[in-house]
2 protein chains.
Amino acid sequence: MSGFTQNDQVAINTIRALAADVVGKANSGHPGAPMGMAPVAHVLFSKFMRFNSKNPKWINRDRFVLSNGHACALQYILLHLAGYKVSMDDLKSFRQIDSITPGHPELGVTDGIEVTTGPLGQGISNAVGLAIAQAHMGAVFNKDGFNLIDNYTYVFTGDGCLQEGVASEACSLAGHLKLGNLIAVYDDNKITIDGDTAVSFTEDVEQRFKSYGWEVLHVEKGDDDIAAIEAALKEAQKTKDQPTIINLKTTIGFGSLKQGGHDVHGAPLKKDDITQLKKKFGFNPEETFAVPQETYDIYNAAAEKGAKAEAEWKDLFKQYSEKYPKDASELTRRVEGRLPEGWEKALPTYTTSDAAVGSRKLSETTISKLAEVLPELVGGSADLTGSNLTRWKNAEDFQHPSTGLGSYAGRYFRFGVREHGMAAICNGIAAYGGLIPFGATFLNFVSYAAGAVRLSALSHLRVLQIATHDSIGLGEDGPTHQPVETAAWLRAIPNLAFWRPADGNETSASYLVSILSQHTPSVLAFSRQNLPQLANSSIEKAAKGGYVLEEVENADVTIVSTGSEVPLALGAVEQLKSKGIKARLVSIPCFEVFDTQSREYRLSVLPSGAPILSVEAYSTFGWGQYSHDHFGLKAWGASGPYDQVYKKFDITPEGIAKRAEKVVAFYKKRGQPVFSPLISALDDVSDE
Amino acid sequence: MSGFTQNDQVAINTIRALAADVVGKANSGHPGAPMGMAPVAHVLFSKFMRFNSKNPKWINRDRFVLSNGHACALQYILLHLAGYKVSMDDLKSFRQIDSITPGHPELGVTDGIEVTTGPLGQGISNAVGLAIAQAHMGAVFNKDGFNLIDNYTYVFTGDGCLQEGVASEACSLAGHLKLGNLIAVYDDNKITIDGDTAVSFTEDVEQRFKSYGWEVLHVEKGDDDIAAIEAALKEAQKTKDQPTIINLKTTIGFGSLKQGGHDVHGAPLKKDDITQLKKKFGFNPEETFAVPQETYDIYNAAAEKGAKAEAEWKDLFKQYSEKYPKDASELTRRVEGRLPEGWEKALPTYTTSDAAVGSRKLSETTISKLAEVLPELVGGSADLTGSNLTRWKNAEDFQHPSTGLGSYAGRYFRFGVREHGMAAICNGIAAYGGLIPFGATFLNFVSYAAGAVRLSALSHLRVLQIATHDSIGLGEDGPTHQPVETAAWLRAIPNLAFWRPADGNETSASYLVSILSQHTPSVLAFSRQNLPQLANSSIEKAAKGGYVLEEVENADVTIVSTGSEVPLALGAVEQLKSKGIKARLVSIPCFEVFDTQSREYRLSVLPSGAPILSVEAYSTFGWGQYSHDHFGLKAWGASGPYDQVYKKFDITPEGIAKRAEKVVAFYKKRGQPVFSPLISALDDVSDE
């Protein structure tokens, strides 16, 4: 063994026993993968990983992702050993309420956790994003003799992650992009929850990754051949211009009486099993949560090496700052997450004399302006660039230089037709730091990325999804492409801002708030069809998430709408006026943001006194929070020219006015006071 | 050329010119792929496909799936030529409102369309399902000398579909299952919307499919070498025990001035381009929508051959009926979609003396009973069998017999960790006929399958998704696994029934209605934690989607809840009683079904007169349609023992009662009549 001693074997067995204890005390969790992966985890963390556990946010640290997040007992144990803020008590609180050691790793909860994993396939896709971010930041900031950004991204993955489509998407792209600093370890233990992989997963994984362009290495005896593990990791580090996957044969639950079987995957070991395991490893079976000093010593040394590496990096950065002061301050600004002074002045404003254009076009204008002032803005489309209009003039593609198609300094991504991979990669890019990523597709296909989008929100990552073709207004492509339920889904996700701007000023507002929201992802929905510029919109008003577009005293009805239906509703307001009906008009481009406004403001927008009718070319599901009656789609859209599709569903000024009249008549006849739906008995506000 | 004449080249060019005309007249659509794939489409439909265009539902027809559904001008043209109910006028109405030739192929809209495609990756995954269904039905019903079910499934796919994760999942499983009757043609034209595939898709597709266990064939000159195309298709047919993919090199938009470029992908050809194309092909450039008689002749001959094949099949079936009368009537019953007499008697009923168990366990009991009486019920889990509890005793796995793990007659699927592929495969199985498929995963990961789930609903396919671990009640796995927004999303999908049963009787009701709903998919959400059997539940009442569990005269408040929160709400009702507050309790296991009940019934369940408080451990988004005040999760769940998680969010009898008291006090203070939220001004009902 190259530099390994008996102490390393002790450390590995300590990790295994500790995993059994952690899961055993919680009486819940997954001991199998931690025990099987203990050797590679030990070699990686003690010999390879560059980290400073006292400054877990050092920008050039190596990133570690546990894609098989259910194995997080392993990760928490490593963080504890390596000196991160994870105490033995925290390990004892595994999977308990409000602990920092929850059932799956969560970004923001535990120091040293780089991304939120557990939902299978996400972690390895996030890792691709982390590696992209490293490659890009390195290309932008490194100079001759100053490899400021050159960290590796390591990721552990099991069979489960590799079966997931999202991982296939991300790994195919990683191969295309030749991400040399990305190193995956595949825990090839032949066991999934349903039993042997023979029941469902018999593909040749090595051949698949070769087909993606990865380097494939192989360690046959992953349970004990730590020299081979070390050699493979060294080889992987050396490989440039290709990501590497190490196929590591392990025994799930190594050491348990049930090792090698699926029973050991997701349930605590029995007490006598833990006893025999500790005996077998030479530990005192009466002791729990025991760590020999030799084990701590190894990790202390690793942590010291890492701290020293950061100190050296700081020296390097000091020299860099002297030689390249502008780049240094720019890097600092971006890593600290500060936006450039006055960037928001780049946001375009509009008046009614500006042309009616599709809001996707307005989005393009905005992106083009922002790309100039926000070098941290990077992104691209899932192969719909010409439809999403997300590529700014003179953008350079993010590509390996050998392709002749761009460079790693390029800021525009060609994600391919890989929506889920795209969103998960964007999560990784955002988690890296210094970058604001966006992805783009049709709104309807953001659904393909649902698994990653909810994790953007749970992980508090500023990721923008540009979602064009946002309704039946896309026309001829028809119901397969027309979102109906998508807005309801996105609005129901906590900490996610779904924007549907009605015009240019609202579009600027959507970007303004999305970029200012450092811990909230946004989905920005834009129309294919042309929309006029509204008279009373403004960035300031729209940035509140909702506001009054047309006010009138003693209104008979309030009409509330979003996006491309706002101008139709405005037409209805005018028609109603000619019939002597006084209608207010409210635009709510973003529920999530509107809901954060003061109660007073919200009630000024949607007051009691007159009934409120919502208009949106989606399912009306969820509008009950703002309106008494809801006009929308009862079912699916239709294929045809967009104006005819709107007409088919009567979502026209006439159709809206007709329904508003009905609402007015109904509530007049009822003859009772009308209260704003915003008023809730649960608000803790006793007066109205 | 083996049997080909000049007329075949004319037919191919006719298809190309017609595609240009169809897209040109609509001034919308995708001419590129139809023009590029015309040769293989012609060879397949004129020489290989076994179909009777006059009886498009013949069970043993070959299935054709256009996975690159945007190329549907091609499919509509083929259906027209082959004598399906697609007239020249229908081709002229391409992408127009209410035409049978919408922008993407829709099952149920056009004869001969087997599955709804367009959302990329779905079609090829559906095709895997169709091939599974064929293999299974064949294994169940074929006898020596009676190959009643032996059709092929052909699928065309472009680069886009193959980049999608869902396709990776389904194709990996197809290889594992050795589906010999599945034949894919990959239109390898090197062009996607973003340009050359070099920008994002440089993996070795052939090697990837080899890694999945597919046979890979190759046709270099797909634009004109129809003999090679024929040879490849013949070879593919011969291949047993492996699906085949034919890598067909083509030129997108072949014949156009812009051929080979991405401009020809998704926009109509210019007029002068169509003119030169027709000239080049020897057609009259003044004529549009022209089909030479020789072309019709070829397709008439193919249709006649197909009609003859069906006639022969009917003869064979007659003999089969004589020899195997029980099998024959069973096959007929299943193909006609009739359920066995009295099947519903198998559904278990419960009383309060039955044990409290997790509703996933109740689901297991129900599936086990139904598996006995419904041989058409097939399904499995995305590698969560032991958690979803979806495998009945003595179930046989659907596996290739060579594995020794099951047979094609097996009804239990091991989908692997492939949720999206699973749902898309289930769509294909349901579309085949004679089968009722289910998939299973945690509710949270149904989101991974969003792209396929919405298509189940749009396609009117009876697919069941068994979704266990349906809330924070799953406990320790934590917020990464706890659905919050998922119910809102599923409830907003038209024609999809999201069920969340509260006990055993409701569980039986959910299966009853799901199986009776021949044209509606269902998602059935079940708890991990134990739930008591309710006193006043019944299958009959729950089958209405919503009903009164506890009635009281002159109620002060109605509490409405679902699933595992119903017993907690019942506890609250009792606590309120002791405080002199009269509370009604309503259970709404399924919004979609409840909404189909009569207005009178719905208002009897959620009447005016007292305020209504909803309780559900999800986002409250969407409850406005049933309740005045809503108690649920404001954000994400938490990791911990489930009872402590509920306590953390105050979703307990005490917490519910406290809020109900607030609601009662609030509305008493307001002193105004309280109207049911079910009453809408847009209902066309003038009295209340």
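Which is assigned by TED's automatic domain parsing to the domain that holds B:Ala184 and surrounded by fewer than 17 Cβ atoms within 10 Å (Cβ to Cβ), of B:Glu230, B:Glu206, B:Glu235, B:Glu215? Steps first, answer last, please.
Working: B:Glu230 fails: surrounded by fewer than 17 Cβ atoms within 10 Å (Cβ to Cβ); B:Glu206 fails: surrounded by fewer than 17 Cβ atoms within 10 Å (Cβ to Cβ); B:Glu215 fails: surrounded by fewer than 17 Cβ atoms within 10 Å (Cβ to Cβ).
Exactly one of B:Glu230, B:Glu206, B:Glu235, B:Glu215 is assigned by TED's automatic domain parsing to the domain that holds B:Ala184 and surrounded by fewer than 17 Cβ atoms within 10 Å (Cβ to Cβ), namely B:Glu235.
Identify all residues within the range A:42-54 that are over 22 Å from A:Ser93 (Cα atoms) and either assigned to a helix (DSSP H, G or I) or in contact with a helix residue (DSSP H, G or I) (Cβ under 6 Å, 6 or more places away or on another chain) (or both); write none if there are none.
A:His42, A:Val43, A:Leu44, A:Phe45, A:Ser46, A:Lys47, A:Phe48, A:Arg50, A:Phe51, A:Asn52
From B:Tyr432, B:Tyr511, which residue is of a type in the set (Phe, Trp, Tyr) and within 25 Å of B:Glu540 (Cα to Cα)?
Values: B:Tyr432 fails: within 25 Å of B:Glu540 (Cα to Cα).
Answer to the selection: B:Tyr511.
Go over the candidates B:Gly129, B:Gly112, B:Gly83, B:Gly138 one by one and state the one that is in a helix (DSSP H, G or I), more than 14 Å from chain A (Cβ to nearest Cβ) and surrounded by fewer than 24 Cβ atoms within 10 Å (Cβ to Cβ). Explain how you work it out, then say what you get.
Details: B:Gly129 fails: surrounded by fewer than 24 Cβ atoms within 10 Å (Cβ to Cβ); B:Gly112 fails: in a helix (DSSP H, G or I); B:Gly83 fails: in a helix (DSSP H, G or I).
Sole residue among the options that is in a helix (DSSP H, G or I), more than 14 Å from chain A (Cβ to nearest Cβ) and surrounded by fewer than 24 Cβ atoms within 10 Å (Cβ to Cβ): B:Gly138.
Any residue that is among the acidic types (Asp, Glu), in the same structural domain as B:His420 (by TED's automatic domain parsing) and not in a helix (DSSP H, G or I) - is there at least one of those in the range B:471-482?
In the first step, residues of the range B:471-482 are kept if they are among the acidic types (Asp, Glu); the result is B:476-477.
Next, only the ones that are in the same structural domain as B:His420 (by TED's automatic domain parsing) stay: B:476-477.
If we keep only those that are not in a helix (DSSP H, G or I) as well, we get none.
Scanning the range B:471-482 turns up no residue that is among the acidic types (Asp, Glu), in the same structural domain as B:His420 (by TED's automatic domain parsing) and not in a helix (DSSP H, G or I).
Give me the residue from the range B:484-503 that is part of a strand (DSSP E or B) and within 14 Å of another protein chain (Cβ to nearest Cβ) and, out of that set, surrounded by the fewest Cβ atoms within 10 Å (Cβ to Cβ). Lay out the reasoning, then the answer.
Going residue by residue through the range B:484-503, those that are part of a strand (DSSP E or B) are B:497-499.
This time we only want the ones that are within 14 Å of another protein chain (Cβ to nearest Cβ), so: B:497-498.
On the way: B:Ala497: 26, B:Phe498: 28.
My answer is B:Ala497.
For residues in the range A:619-670 being part of a strand (DSSP E or B) and touching a residue at least 60 places away in the same chain (Cβ under 8 Å), which is nearest to A:Ile581 (Cα to Cα)? So that I can check it myself, show each step before the final result.
First, the residues of the range A:619-670 that are part of a strand (DSSP E or B): A:619, A:629-633.
Imposing the further condition that a residue be touching a residue at least 60 places away in the same chain (Cβ under 8 Å) reduces the set to A:619, A:633.
Numbers: A:Ser619: 27, A:Leu633: 25 Å.
The qualifying residue nearest to A:Ile581 (Cα to Cα) is A:Leu633.
If I ask for residues that are touching a residue at least 12 places away in the same chain (Cβ under 8 Å), assigned to a helix (DSSP H, G or I) and at the interface with chain B (Cβ under 7 Å from one of its Cβ atoms), which ones from the range A:174-207 would you list?
Scanning the range A:174-207 gives A:Gly175, A:His176.
Among B:Leu613, B:Leu633, which is the only one that is in contact with a helix residue (DSSP H, G or I) (Cβ under 6 Å, 6 or more places away or on another chain) and facing another protein chain (nearest Cβ under 10 Å)? Working first, answer last.
Numbers: B:Leu633 fails: in contact with a helix residue (DSSP H, G or I) (Cβ under 6 Å, 6 or more places away or on another chain).
That would be B:Leu613, the only listed residue that is in contact with a helix residue (DSSP H, G or I) (Cβ under 6 Å, 6 or more places away or on another chain) and facing another protein chain (nearest Cβ under 10 Å).
Can you tell me which of (1) crowded, with 24+ Cβ neighbours inside 10 Å; (2) in a loop (DSSP other than H, G, I, E, B) is the one B:Ile149 doesn't meet?
The one condition B:Ile149 does not meet is (1).
Which condition does B:Glu164 not pass, out of (1) of a type in the set (Asp, Glu); (2) under 27 Å from B:Gly416 (Cα atoms); (3) surrounded by fewer than 24 Cβ atoms within 10 Å (Cβ to Cβ), if it passes all the others?
(3)
Can you tell which of A:Ser608, A:Ser614 is farther than 30 Å from B:Gly24 by Cα, touching a residue at least 12 places away in the same chain (Cβ under 8 Å), assigned to a strand (DSSP E or B) and not assigned by TED's automatic domain parsing to the domain that holds A:Ser514? Steps first, please.
On the way: A:Ser608 fails: assigned to a strand (DSSP E or B).
Sole residue among the options that is farther than 30 Å from B:Gly24 by Cα, touching a residue at least 12 places away in the same chain (Cβ under 8 Å), assigned to a strand (DSSP E or B) and not assigned by TED's automatic domain parsing to the domain that holds A:Ser514: A:Ser614.
Tell me yes or no: at least one residue of the range B:535-547 is in contact with a Ser or Thr (Cβ under 7 Å, 6 or more places away or on another chain), over 22 Å from B:Thr620 (Cα atoms) and surrounded by fewer than 20 Cβ atoms within 10 Å (Cβ to Cβ).
yes
Consider the range B:446-463. How many of its residues are more than 9 Å from chain A (Cβ to nearest Cβ) and touching a His at 6+ places or on another chain (Cβ under 8 Å)?
4
Does A:Ala430 qualify as being under 18 Å from the mean Cα position of the chain (by Cα), facing another protein chain (nearest Cβ under 7 Å) and modelled with pLDDT of 95 or more? Even if it seems obvious, please write down each step before you answer.
Details: under 18 Å from the mean Cα position of the chain (by Cα): yes; facing another protein chain (nearest Cβ under 7 Å): no; modelled with pLDDT of 95 or more: yes.
The answer is no for A:Ala430.
Residue-wise test of (1) more than 30 Å from B:Glu396 (Cβ to Cβ); (2) of a type in the set (Val, Ile, Thr); (3) touching an Asp or Glu at 6+ places or on another chain (Cβ under 8 Å).
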position: B:Ile298; (1), (2), (3): yes, yes, yes
position: B:Lys308; (1), (2), (3): yes, no, no
position: B:Lys314; (1), (2), (3): yes, no, no
position: B:Tyr324; (1), (2), (3): no, no, no
position: B:Ala346; (1), (2), (3): no, no, yes
position: B:Thr349; (1), (2), (3): no, yes, no
position: B:Asp354; (1), (2), (3): no, no, no
position: B:Val357; (1), (2), (3): no, yes, no
position: B:Glu364; (1), (2), (3): no, no, no
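Check whether at least one residue in the range B:576-593 is in contact with a strand residue (DSSP E or B) (Cβ under 6 Å, 6 or more places away or on another chain), under 29 Å from B:Pro521 (Cα atoms) and of a type in the set (S, T, N, Q), and report yes or no.
Within the range B:576-593, one or more residues are in contact with a strand residue (DSSP E or B) (Cβ under 6 Å, 6 or more places away or on another chain), under 29 Å from B:Pro521 (Cα atoms) and of a type in the set (S, T, N, Q).
What residue, of B:Ala19, B:Ala11, B:Ala26, is closer than 30 Å to B:Asp150 by Cβ and of a type in the set (Gly, Ala, Ser)?
Values: B:Ala19 fails: closer than 30 Å to B:Asp150 by Cβ; B:Ala26 fails: closer than 30 Å to B:Asp150 by Cβ.
Only one candidate passes the filter, namely B:Ala11.
Just to check your reading of the model, which residue among B:Ser587, B:Ser598 is free of Cβ contacts under 8 Å to residues at least 12 places away in the same chain and under 33 Å from the mean Cα position of the chain (by Cα)?
Working: B:Ser587 fails: free of Cβ contacts under 8 Å to residues at least 12 places away in the same chain.
Going through B:Ser587, B:Ser598 in turn, the sole match is B:Ser598.
How many residues does the range A:377-407 hold that are crowded, with 21+ Cβ neighbours inside 10 Å and of a type outside the set (A, V, I, L, M, F, W, C)? Before the answer, list the steps.
Keep residues of the range A:377-407 that are crowded, with 21+ Cβ neighbours inside 10 Å, which gives A:378-385, A:388-391, A:398-399.
Going one step further and asking which of them are of a type outside the set (A, V, I, L, M, F, W, C), we end up with A:379-381, A:383, A:385, A:388, A:390-391, A:399.
Here the count works out to 9.
In the range B:89-106, is there at least one residue being in contact (Cβ under 8 Å) with a residue 24 or more places away in the chain, in a helix (DSSP H, G or I) and closer than 23 Å to B:Leu277 by Cα?
Within the range B:89-106 (the criterion being in contact (Cβ under 8 Å) with a residue 24 or more places away in the chain, in a helix (DSSP H, G or I) and closer than 23 Å to B:Leu277 by Cα), the answer is yes, since at least one residue qualifies.
Out of the range A:347-380, which residues are within 14 Å of chain B (Cβ to nearest Cβ) and over 19 Å from A:Pro501 (Cβ atoms)? Please lay out each step first, then the result.
From the range A:347-380, those within 14 Å of chain B (Cβ to nearest Cβ) are A:379-380; that's our starting set.
Within the range A:347-380, just A:Gly380 meets the criteria.
Does A:Asp650 satisfy the condition of being acidic (Asp, Glu), within 8 Å of chain B (Cβ to nearest Cβ) and in contact with a Phe, Trp or Tyr (Cβ under 9 Å, 6 or more places away or on another chain)?
Values: acidic (Asp, Glu): yes; within 8 Å of chain B (Cβ to nearest Cβ): no; in contact with a Phe, Trp or Tyr (Cβ under 9 Å, 6 or more places away or on another chain): yes.
No: the conditions fail for A:Asp650.
Could we say that A:Ile466 is farther than 24 Å from A:Tyr626 by Cα, in a helix (DSSP H, G or I) and more than 14 Å from chain B (Cβ to nearest Cβ) here? If you could, list the steps in order and put the result at the bottom.
Values: farther than 24 Å from A:Tyr626 by Cα: yes; in a helix (DSSP H, G or I): no; more than 14 Å from chain B (Cβ to nearest Cβ): yes.
In short, no.
Being surrounded by 24 or more Cβ atoms within 10 Å (Cβ to Cβ) and either touching a residue at least 60 places away in the same chain (Cβ under 8 Å) or farther than 24 Å from A:Asp397 by Cα (or both) is the filter here, so list the residues in the range A:459-475 that pass it. It would help to see each step written out before you state the result.
Pass one, the range A:459-475, residues surrounded by 24 or more Cβ atoms within 10 Å (Cβ to Cβ): A:459, A:461, A:463-475.
Passing the criteria: A:Ser459, A:Leu461, A:Leu464, A:Ile466, A:Thr468, A:His469, A:Asp470, A:Ser471, A:Ile472, A:Gly473, A:Leu474, A:Gly475.
Checking the structure you have, find out if any residue of the range A:504-512 is under 23 Å from A:Ala660 (Cβ atoms) and either part of a helix (DSSP H, G or I) or in the same structural domain as A:Ser627 (by TED's automatic domain parsing) (or both). Steps first, answer last, please.
Our first condition is that a residue be under 23 Å from A:Ala660 (Cβ atoms); within the range A:504-512, this holds for A:506.
Then keep just the ones that are either part of a helix (DSSP H, G or I) or in the same structural domain as A:Ser627 (by TED's automatic domain parsing) (or both); that gives A:506.
For the range A:504-512, residues under 23 Å from A:Ala660 (Cβ atoms) and either part of a helix (DSSP H, G or I) or in the same structural domain as A:Ser627 (by TED's automatic domain parsing) (or both): present.
Could you tell me whether the range B:389-406 includes any residue that is closer than 20 Å to B:Leu173 by Cα, assigned to a helix (DSSP H, G or I), within 22 Å of the chain's Cα centre (by Cα) and of a type in the set (S, T, N, Q)?
So far as the range B:389-406 goes, no, none of its residues is closer than 20 Å to B:Leu173 by Cα, assigned to a helix (DSSP H, G or I), within 22 Å of the chain's Cα centre (by Cα) and of a type in the set (S, T, N, Q).
The values are calculated or read from the model by the stated rules, or taken from the named source; none is laboratory data. The structure displayed is predicted, hence computed values, not measured ones. All Cβ positions, even for glycine, are placed from backbone atoms using ideal geometry, and neighbour counts span all protein chains on display.
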